[in-house]
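This report concerns only the one structure given below.
The values are calculated or read from the model by the stated rules, or taken from the named source; none is laboratory data. All figures in this text were calculated on a predicted structure; none of them were measured in a lab. For neighbour counting, all protein chains shown are included, and Cβ atoms are generated from backbone atoms with ideal geometry for every residue, glycine included. Please note that ligands, DNA and RNA were not included when accessible areas were found on the heavy atoms of the full protein model with its side chains. Shrake-Rupley method; radii C 1.70, N 1.55, O 1.52, S 1.80 Å.
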Amino acid sequence: MVEAMSRRKTLNFPLILTALTVHFVIVAGEYFKPFNVTYDNRALIIGGKRRMLISAGIHYPRATPEMWPKLIARSKEGGADVIETYTFWNGHEPTRGQYNFEGRYDIVKFAKLVGSHGLFLFIRIGPYACAEWNFGGFPIWLRDIPGIEFRTDNAPFKEEMERYVKKIVDLMISESLFSWQGGPIILLQIENEYGNVESSFGPKGKLYMKWAAEMAVGLGAGVPWVMCRQTDAPEYIIDTCNAYYCDGFTPNSEKKPKIWTENWNGWFADWGERLPYRPSEDIAFAIARFFQRGGSLQNYYMYFGGTNFGRTAGGPTQITSYDYDAPLDEYGLLRQPKWGHLKDLHAAIKLCEPALVAADSPQYIKLGPKQEAHVYRGTSNNIGQYMSLNEGICAAFIANIDEHESATVKFYGQEFTLPPWSVSILPDCRNTAFNTAKVGAQTSIKTVGSDSVSVGNNSLFPQVITKSKLESFSQSWMTLKEPLGVWGDKNFTSKGILEHLNATKDQSDYLWYLTRIYISDDDISFWEENDVSPTIDIDSMRDFVRVFVNGQLAGSVKGKWIKVVQPVKLVQGYNDILLLSETVGLQNYGAFLEKDGAGFKGQIKLTGCKSGDINLTTSLWTYQVGLKGEFLEVYDVNSTESAGWTEFPSGATPSVFSWYKTKFDAPGGTDPVALDFSSMGKGQAWVNGHHIGRYWTLVAPNNGCGRTCDYRGAYHSDKCRTNCGEITQAWYHIPRSWLKTSNNVLVIFEETDKTPFDISISTRSTETICAQVSEKHYPPLHKWSHSEFDRKLSLMDKTPEMHLQCDEGHTISSIEFASYGSPNGSCQKFSRGKCHAANSLSVVSQACIGRTSCSIGISNGVFGDPCRHVVKNLAVQAKCSPPPDLSTSASS
């Protein structure tokens, strides 16, 4: 056993034992009785007891403080023991030496909320985060420190890094948030996936890694530290796994437990690309295999993804939504069946916990060519959670890793049939509590607003996103023209091409480059006689460039360090060449981030002239950082009309680079709110001064989205895609706390000639819920119980149940389909089969209508037997509705 504490206390640690888990007592003035956290080869040891832990990733700045309590509560309801988060250096120290721990960056408040819900907290300080976050979480000022090199044995970098990490640790200590103080923090991380890039730095990489580990442990946090994807981590640091599957991972020391810091239950998306989706069955399979093969802590990346508000999205070109196909969607609503299926998995694992912690390693049993079992038994002399348990405690995981065929195996004298690519969990080594491929959880169909109709190719999604016929905003809009090029007295002129970030310091996405060239009559004649056009050539560019000539847009190009060849139309005499370099999120992954930069690299030339190419690289260029509207903060609700706003009537001729403003009332109720920008082009938006993020209506390719997604076989980010031929992101989240009942101000900056008249706003909720469960399905997990005497498991009632649940505040208003027998089809396409119980609708209606949630037993005892000797299924489709009083009143 490894002791990872710099502070130790002798503690009496009270426990309350329940059927599924162990809860720490929360006492007045503290979140828990103070406890130590150590570890051994099997697990984290919390208050002297080994634990099997489920962790839910939630990044606090990707939600508002008002959202945090429900997100944490829904994570706990889903079976989480731990909340995990990165910290974000550029959010907490946007200016060197000036810290921000307020609003969405109030990590202390977030930590205290986690503790108040009785959950533990795992903070990954980094300070490099990656996380698809702007610049990987590094503050932009860091790259301007003389002589600095990121993430290597470099004194300036190490000095800044240590100062920030110490700031976070000291803050947590001052707020009594570590476990030994009665707080929720049980685990910390230093660095992040450094093993992926360590070799890029040569011998200095290894020196830096060792320094980072020593520095972190020396800060006196008093809890264990981890390094993910760091196979050469020192003995006193736990090396951990980040991947789609981590069951085959082994730590670099027999003294360390097997921890999965990032289970990628989805993936991120880029503008103009398809949306990734990972099947619930495969995620459950991966997690079950992890615990089957000796895992102890699994963290979802992400359990809630949220939103990249403002300009926090990483890149380049990652979208504003960070939904990540997580169990809680971007708006905090349950994504079903994923949330429910994983909740059942967590409950099954918790039933096994007494056996899992009692055994140092499982007994392995080969059951077939691609079938195997791992059996965990209790021993009387183990340091595990239940030291008094006898040999009777037993839990087993049976796996069929065949990607194509089901298999029937014999285990302890019984036969078990497993679907392909699945794991059955037997908490008592006799009865199946859960199989990863058998989904009994409901499917939820999300709608936006009312009178909804389905759009797009949504066949891959278990949760269909639908779009409604909505009324647009009021036609009363105001506009403000953004000047092209140089607009303020802070412009400057320099010879040559400046790197984008050196000029902007990332204070804006936009940097204007202006130069002037002279074109002779000979050049004009040469182009006309040869029917050719000159081009502006840029050797290398990222992320987006617009080329203007004499005030007119010649063209634009999107890409990452690609060559630009843009035909232009020039006139005899002087011509103004105006380039607009736009960043769309700074690079967030890889070595040498400080050298990646943005804008242009190499030479810029005018090609095709009669006398040869003109090299513009060494010309005098005038630079202007940002937009005038940004500088004037025209998006601020307190900004005056002196900025020059004018009425923009319907039918008016639009122009590129325009600001638009209107007022609107918030939709009624308490459901999450979103804006539809599908009618727009590219830009940014603010609501009541809050920057909701970038928008861009690029369309995903038409191909690459199959009609079905087979959960079987190893997953990768391109395996299951949806949204082909549709705008990558059309809807943008407005947190309810940012809204007033009326007179909300929406300000948008639009780069193209699109007009705002078709922008709409609506709520988002679950309207249709469906489920289909067999009478042969395993019984609900809550029907298992531990004996108070010897902790042995018992299962008294094996009747399966169907559980249906609407969003909070909504109730089941009608049953649109119900059939016990042999129903056909799937959600929204159910039909009766030859076998059907006539009382199906009445039984389900009586149990469910008017309730937020309901459960129905699935047996002949409930419905009668409509057809003997046939295995029956219950299929139900129900409608959820908000209460009438919530449909007409707004909530902020």
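Here are the numbers:
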{"quantity": "Candidates Val773, Val844 - the one that is buried (at least 21 other Cβ atoms within 10 Å of the Cβ), part of a strand (DSSP E or B) and modelled with pLDDT of 95 or more", "calculated": "Val773"}
{"quantity": "Every residue from the range 94-107 that is over 22 Å from Tyr331 (Cβ atoms) and without any contact (Cβ under 8 Å) to a residue 40 or more places away in the chain", "calculated": "Gly97, Gln98, Asn100, Glu102"}
{"quantity": "Flag for Thr768 being among the β-branched types (Val, Ile, Thr), over 30 Å from Cys246 (Cβ atoms), in contact with a Ser or Thr (Cβ under 9 Å, 6 or more places away or on another chain) and in a loop (DSSP other than H, G, I, E, B)", "calculated": "no"}
{"quantity": "Condition met for Tyr236 (hydroxyl-bearing (Ser, Thr, Tyr), crowded, with 16+ Cβ neighbours inside 10 Å and more than 24 Å from Asp40 (Cβ to Cβ))", "calculated": "no"}
{"quantity": "Selected residue [within 30 Å of Val634 (Cβ to Cβ) and among the acidic types (Asp, Glu)] from Asp758, Asp710", "calculated": "Asp758"}
{"quantity": "Answer from Lys661, Lys601, Lys595 - the residue that is touching an Asp or Glu at 6+ places or on another chain (Cβ under 9 Å), open to solvent by 20 Å² or more (accessible area, probe 1.4 Å), in contact (Cβ under 8 Å) with a residue 60 or more places away in the chain and basic (Lys, Arg)", "calculated": "Lys601"}
{"quantity": "Where Glu30 falls short, out of the listed (1) open to solvent by 40 Å² or more (accessible area, probe 1.4 Å); (2) modelled with pLDDT under 95; (3) in contact with a strand residue (DSSP E or B) (Cβ under 8 Å, 6 or more places away or on another chain)", "calculated": "(3)"}
{"quantity": "Which numbered condition Ser611 misses (of (1) of a type outside the set (A, V, I, L, M, F, W, C); (2) closer than 21 Å to Gly485 by Cα; (3) assigned to a loop (DSSP other than H, G, I, E, B); (4) open to solvent by 30 Å² or more (accessible area, probe 1.4 Å))", "calculated": "(2)"}
{"quantity": "Matching residues, the range 119-147, being aliphatic (A, V, I, L, M), assigned to a helix (DSSP H, G or I) and surrounded by fewer than 22 Cβ atoms within 10 Å (Cβ to Cβ)", "calculated": "Ile140"}
{"quantity": "Residue within the range 109-118 that is modelled with pLDDT of 95 or more, among the small types (Gly, Ala, Ser), closer than 30 Å to Ile349 by Cβ and crowded, with 22+ Cβ neighbours inside 10 Å present", "calculated": "yes"}
{"quantity": "Subset of the range 847-878 that is under 20 Å from Lys783 (Cβ atoms) and small (Gly, Ala, Ser) - its residue that is most open to solvent (accessible area, probe 1.4 Å)", "calculated": "Gly861"}
{"quantity": "Hits in the range 267-285 (condition: of a type in the set (Gly, Ala, Ser) and crowded, with 24+ Cβ neighbours inside 10 Å)", "calculated": "Ala269, Ser280, Ala284"}
